[in-house]
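See structure below.
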Amino acid sequence: EVQLVESGGDLVQPGGSLRLSCEASGFTFSTYDMHWVRQPPGKGLEWLSTIGGRGDSTYYAAAVNGRFTISRDNSENTLYLQMDSLRAEDSAIYYCVGPWIWGQGTLVTVSS
Amino acid sequence: DIQMTQSPSSLSASVGDRVTITCRASQAISNALAWLQQRPGKAPKSLIYDASSLLSGVPSRFSGSGSGTDFTLTISNLQPEDFGTYYCLQYTAYPRTYGQGTKVEI
């Protein structure tokens, strides 16, 4: 079964850091671009970042460029999102997205 | 950035109805457009890619059309499980951008 499972969401203070993980299964992970997308409570979808299959190309939304870092470990079929300098407006459900597949999401709350 | 504008923002329809949602891009995106469905409290689900290609397992009552700047998602014979919010997504250029969503109420 094709599946993406995110983890790592938590309550964190403003200025703090968090690392999200996304474990993929059921498809050849290394051959696909992977993405992170977020959704603040009650709001729409926002693309954050994309990484190429080999990890040698990355793209970021302006809102997170310089604060978030996308990476992947193809030997472990895992996608990561390192989030630094977190702000209240980063509070959202974070989704890992693969070849037209979505994970269940992980909740990040930034609050003091 | 390419802006994606969906219309309407919400609609109410009955079981068996034909529903049409439109998505307009602020510049031409060829056919690099996807449609997603999100039921309340659930993760989004991809329905259509490349403007008109139905993903495996998606019911045939869903169809997509369009190219360039104007795109349409049609749900024929609306079913109770089709309620939720629908989003379009352009993936011809970074940043990828989503429409604001169309809420479908049964």
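Computed about the Cα centre, the dipole magnitude for chain B is approximately 140 debye when only Lys and Arg (+1) and Asp and Glu (-1) carry charge, each at its Cβ.
Taking 0.36 nm per residue of separation and subtracting the Cα-Cα distance, what length does fully extending B:Tyr94 through B:Ser65 add?
8.2 nm
In summary, the convex hull built on the alpha carbon positions of chain A has an orientation-averaged projected area of 6.4 nm². Between A:Glu89 and B:Ser30, the modelled labels are 3.3 nm apart [label points 7 Å from Cα along Cα→Cβ]. Backbone phi angles across the range A:83-88, fed through the Karplus curve with coefficients 6.51, -1.76 and 1.60 (θ = phi - 60°), yield HN-Hα couplings of 10, 10, 6, 5, 10, 4 Hz in residue order; Gly and Pro are listed as x. Length, then width, then depth: along the principal axes, the Cα atoms of the range B:2-106 run 36, 25, 23 Å. Between A:Thr31, A:Thr78, A:Thr50, the Gaussian network model of chain A with springs among Cα atoms under 10 angstrom shows the greatest mean-square fluctuation at A:Thr31.
Inter-chain Cβ neighbour count for B:40-50, averaged per residue, equals 3 (cutoff 10 Å, partner chain atoms only). Only the Cβ atoms of Lys and Arg (+1) and of Asp and Glu (-1) were treated as charged; on that basis the dipole of chain A about its Cα centre amounts to roughly 240 debye. What is chain A's relative contact order, in percent, from Cα pairs under 8 angstrom and six or more apart in sequence? Averaging sequence separation for qualifying contacts and normalising by length gives 38 percent for chain A. Starting from one equal scatterer on each C-alpha and no solvent at all, send me the Debye-based log10 I(q)/I(0) for the protein assembly as shown at q = 0.09, 0.10, 0.16 Å⁻¹, two decimals. The Debye formula, applied to the Cα set alone, gives -0.36, -0.44, -1.11. Here the spin labels are modelled as points 7 Å beyond Cα on the Cα-Cβ line, and at A:Asp33 and A:Ser112 they lie 3.9 nm apart. Short-range pairs are left out: with C-alpha atoms under 8 Å and at least six residues apart, the relative contact order of the range A:1-54 is 29 percent. Positive-end ranking of A:Ile93, B:Ile29, A:Ser7 along the dipole of the protein assembly as shown, with charges on Cβ about the Cα centre, is headed by B:Ile29. Radius of gyration over Kirkwood radius for the range A:1-51, both on Cα atoms: the Rg/Rh ratio is 1.01.
Using unit Cβ charges (K, R positive; D, E negative) and no other charged atoms, how large, in debye to the nearest 20, is the dipole of the protein assembly as shown about its Cα centre?
320
Length available on full extension from A:Leu11 to A:Gln104: 0.36 nm per residue minus the Cα-Cα distance, which gives 31.7 nm.
Each value in this text was obtained by applying a stated rule to the coordinates, not by laboratory testing. Just so we're clear, the structure is a prediction, and the values are computed from it rather than from any experiment. Virtual Cβ from ideal backbone geometry, glycine too; neighbours counted across all protein chains shown.
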